[in-house]
Amino acid sequence: MSDAHTSASGESHGSVGSYLTGFVISVLLTAAAFGLVMAHTFSPSGTAGAITLLAVVQIVVHLIFFLHMNASSEQRWNVMAFAFTVVTVLILVGGTVFIMHDTAINMMSR
Amino acid sequence: MAHNITADAAHAHEEHHESPVVFGFWLYLMTDCIIFGTLFAVFAVLRTQFNGGPNGHEVFELSGVGIETAILLLSSITYGFGMIAAHDNKISTMRTWLGVTFLLGLGFLFMELREFSHMIAEGNGPDRSAFLSSFFTLVGTHGLHVTCGLLWMAVLLFQTAGKTELNERMINKLTCLSLFWHFLDIVWICVFTFVYLMSVI
């Protein structure tokens, strides 16, 4: 029923099935992140890396299943704007952390 | 003849195009993304500046964060079901799902405010240390967004009351709020990962 709905209109507003798929994957990824931290399976840096990876995967899952991002021509500018934003945020966060860490070392405040 | 068919096809294609309103709102969300990026950068720099105050281990309660995450995740999918009903023009179903989403959002906000008031009551307010200042700013900004989303949802519930058909304008409004709501969920993924979980590792 829901699949027919999506294909009939060709619009990207999802179906019950796609929302449920996204939801189940998200729950698993969230549970994995919380589980890893609570169980102390890996070393602290290993856990940090693992939950970062889980967060990135979950963001992509949300973008695809909940925000209906895809490679169609209709979505091209949305994806373009998003890609530009991701680059901006990475420069912003990465640059800030890098500069402030360097400053802290040079000022010997740590 | 052939020309007419192509024109019709082009017209039909045109109709399914995303509204410029939705694209404009998407661009707003991207700028919001940069606001959150900035606040995350601030938190990343200040997360170890405790000034003799408590660290994340001492102030964060993971079980509460887990419940908040579950509520927000659930509210994302209930809003999604609402949007599906909206596209099928099932207005009462859509309003029910929106109502459920609203209550879940309210529950999330309630838990967050309770956490904040607990921390402030114990003397661990935003004035305690740079770490707590950046924590309250970041998570508080997210909470403020959720509050705005709830107000918006209440307005849309009010505007769709007693309607028998949803026009394109209303669908666009609902679509924009759905993008906003799902976007807040994405920000929350970063919050629980980089703020809460990272601080208690």
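Let me have the relative contact order for chain B, percent, based on Cα pairs under 8 Å that are six or more residues apart.
Worked out over chain B, it gives 32 percent.
Starting from the Kirkwood Rh over alpha-carbon pairs, what translational D in µm² s⁻¹ does the stretch A:13-67 have by Stokes-Einstein at 10 °C and 1.306 mPa s?
Estimated via Stokes-Einstein, D reaches 134 µm²/s.
Using only the Cα atoms of the protein assembly as shown, each taken as one equal point scatterer with no solvent, compute I(q) by the Debye sum, divide by I(0), and report log10 of the ratio at q = 0.12 Å⁻¹.
-0.85
Relative to the longest principal Cα axis of chain B, at what angle does helix B:2-15 sit, 0 to 90 degrees, rounded to 10?
30
I'd like to compare B:161-167, B:188-194, B:35-41, A:79-85: which one has the highest average count of other Cβ atoms within 10 Å, and what's the full order after that?
With the highest mean Cβ count within 10 Å placed first, the list reads B:188-194, B:35-41, A:79-85, B:161-167.
For residue B:91, what charge total do you get from the other residues with a beta carbon under 15 Å from its beta carbon, if Lys and Arg give +1 and Asp and Glu give -1? Numbers along the way, then the final one.
Numbers: positive: B:90, B:95, B:163, B:169, B:173; negative: B:88, B:165, B:168.
Result for the neighbourhood of residue B:91: +2.
Find how many whole Å separate the alpha carbon centroid of the stretch B:181-199 from the alpha carbon centroid of the stretch A:26-99.
Taking the Cα centre of the stretch B:181-199 as reference, the centre of the stretch A:26-99 is 10 Å away.
Measuring from the lowest to the highest alpha carbon on each principal axis, how far does the stretch B:66-198 reach, largest first, in angstroms?
53, 24, 22
Please give the net charge around residue B:76, taking every other residue with its beta carbon less than 14 angstrom from that of residue B:76, where Lys and Arg add +1 and Asp and Glu add -1. Numbers along the way, then the final one.
Working: positive: none; negative: B:68, B:185.
Here the count lands on -2.
Per the Cauchy relation, a quarter of the hull surface: what is the mean projected area of the convex hull of the alpha carbons in chain A, in nm²?
With every direction weighted equally, the projected area is 9.4 nm².
With an 8 Å cut-off on Cα pairs and a minimum separation of 6 or more residues, tell me the relative contact order of the stretch A:13-67 in percent.
Answer for the stretch A:13-67 is 53 percent.
Would you calculate, for chain B, the mean residue ellipticity at 222 nm contributed by helices, counting each DSSP H stretch of 4 or more residues as -39,500 (n - 2.57) and dividing by all residues, to the nearest 500? Intermediate results must be reported in sequence, preceding the final value.
Numbers: 7 runs with 155 residues, N = 201.
Taken over chain B, the calculation gives -27000 deg cm²/dmol.
I need B:32, A:102 ordered by Cβ neighbour count within 10 Å, fewest first.
Working: B:32 17, A:102 10.
Sorted ascending by nearby Cβ count, the order is A:102, B:32.
Taking chain B as a Gaussian network, Cα atoms linked when under 10 Å apart, which of B:27, B:98, B:109 shows the biggest mean-square fluctuation?
Highest fluctuation of the listed residues: B:27.
None of the figures in this text is laboratory data; all of them are computed from the coordinates on show. Computed from a prediction, not measured in an experiment: that's the story for all the values here. FYI the Cβ positions are ideal-geometry reconstructions off the backbone, even for glycines, and counts take in every protein chain you see.
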